């Protein structure tokens, strides 16, 4: 049996070298619209289409996601760095949603109009692990962005900084 425990800071430092897409996760219900910036999002299966989203249990909007049982994953493009920072800040929910243009799909969760792609989801299962909740989410609607001017770059996070990944097509 392995006896040495990995320190949380060592784990976080190592995880900073794992390049991840930047997403804004949103929900809406009787208590209003809420959202946060997340990199811990991934595909689980395509049959049925399912994503997992991890959220810190001490987040001020955690209870709203639990109560609403819906969320949208808004995959950010290179132009969304300021929006990502807003949803990761201490701004109020109203102030956060002032960044960007929002609509909705099937569940009513806010959907960023110019995101690279939106996954509108119903939360089917919640598993608590350590400091976080893992939401298992059935995708009920998908909206892909129209390419504008041939630019289709994703915002990613690597080594505690934003970067852009993708291709710029020159006509």
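Taken together, the values in this text are just the output of simple stated rules run on the coordinates, not laboratory data. Source: prediction; values computed, not measured. Positions of Cβ are generated from backbone atoms using ideal geometry, with glycine treated the same way; all protein chains shown enter the neighbour counts.
Length, then width, then depth: along the principal axes, the Cα atoms of region 106-168 run 41, 34, 15 Å.
Sort region 79-129 into rounded, prolate or oblate with this rule: let a ≥ b ≥ c be the square roots of the eigenvalues of the Cα gyration tensor; rounded if a/c is under 1.5, and if a/c is not under 1.5, prolate when a/b is larger than b/c, oblate otherwise. Oblate, since a/c reaches 1.5 and b/c is not below a/b.
In the chain, the calculated helix contribution to ellipticity at 222 nm averages -4000 deg cm²/dmol per residue, counting -39,500 (n - 2.57) for every DSSP H run with n ≥ 4. Highest GNM mean-square fluctuation among 33, 63, 115, for the chain modelled with Cα contacts below 10 Å: 63.
Between residue 11 and residue 66, the FRET efficiency from the beta-carbon distance, with R0 = 22 Å, is close to 0.30.
Starting from the Cα gyration tensor of region 1-96, take the square roots of the eigenvalues, sort them a ≥ b ≥ c, and report rounded, prolate or oblate (rounded when a/c is under 1.5, otherwise prolate if a/b is larger than b/c, else oblate). In terms of gyration-tensor shape, prolate.
Here the relative contact order of the chain, from alpha carbon pairs under 8 Å that lie six or more residues apart, stands at 25 percent. Here are several values of Cα Rg over 2.2 N^0.38 Å: (i) 1.11; (ii) 0.97; (iii) 1.06. Which one was derived from the coordinates shown? Among (i) 1.11; (ii) 0.97; (iii) 1.06, the one calculated here is (iii).
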